[in-house]
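Notes for the one structure printed next.
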Amino acid sequence: MAELLVIRHGQASFGQDNYDVLSDLGHAQSAAVGQMLRDGGWVPDRLVTGTLKRQRDTLTSMGFDGGAAEEHAGLNEYDFADLLNARFKGQVPDVVKGDRKTHFRTLRETVFDWQDAAFDGASETYADFAARVEAAREFATQTQAKRVLVISSGGVIGQMTATALGAPARQMMQLNLQIKNTAMTRFMFSGPMFSLHEFNATPHFASAAGAKLLSYS
């Protein structure tokens, strides 16, 4: 039996011109989870990230050799800005852009509509997103490695988890919104067998000092 440990990237830059940049907190979160893995003797045999900067930089700040990592674009997040633009036909309300609570409530509704193909104009259909996440999962698990470390994003982890559980499509987004920055979701695999072992775990935030690192976006 082998392990696939999927970690969400550290906090990025919500509300900034370029979201795809780790904040100082994101780097600190990444360092904390990397140190926890080393302290526990968990050493990966294989490293895989998406192609996004925030994913690659999370691995580097964890203290692992980002240059040795393989990349698979199927691990990239769905383009939430593109979905909102498509739903609102390019006129996204300012409150959706700037207010965190409104943004994520609206995004949840938008993803549900995306899953139902209720609007046109998105650069990627939900079916295409689900297919590329599955392709990335197969890529990561078709290996002789026993410990595979993947750095990805909340939507991908939510989709992978929902699929492993045989859950309805809506569950992908319900899971997505729960996932903390640098949280660990662990799967076990062997040949065609793939099952969830642990979801959204953050033992590196369990101490008083670690609790100050907690974030969701």
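A few points about this structure:
- Count Lys and Arg as plus one, Asp and Glu as minus one, and take only other residues whose Cβ is under 14 Å from that of Ala164; the net charge is then -2.
- The angle between the Cα long axis of helix 126-141 and the longest principal axis of the Cα atoms of the chain comes to about 10 degrees, rounded to the nearest 10.
- A straight Cα-to-Cα reach below 13 Å connects Lys97 with the aspartates and glutamates Asp17, Asp82, residues fewer than 8 places away in its own chain not being considered.
- The packing ranking of peptides 121-132, 2-13, highest mean first, is 2-13, 121-132, where packing means the average number of other beta carbon atoms within 10 angstrom of each residue.
- Between 0 and 90°, nearest 10: helix 24-39 axis offset from the chain longest Cα axis: 30 degrees
- Rounded Å value of the spacing that divides the Cα centres of the stretch 171-217 and the stretch 20-96: 13 Å
- Helix 154-165 axis versus longest C-alpha principal axis of the chain: approximately 70°, rounded to the nearest ten.
- DSSP beta bridges in the chain [antiparallel fraction, %, rounded to 5]: 50 percent
Every number in this text was worked out from the coordinates using simple rules, so none of it is lab data. All values reported here derive from a predicted model rather than from experimental measurement. All Cβ positions, even for glycine, are placed from backbone atoms using ideal geometry, and neighbour counts span all protein chains on display.
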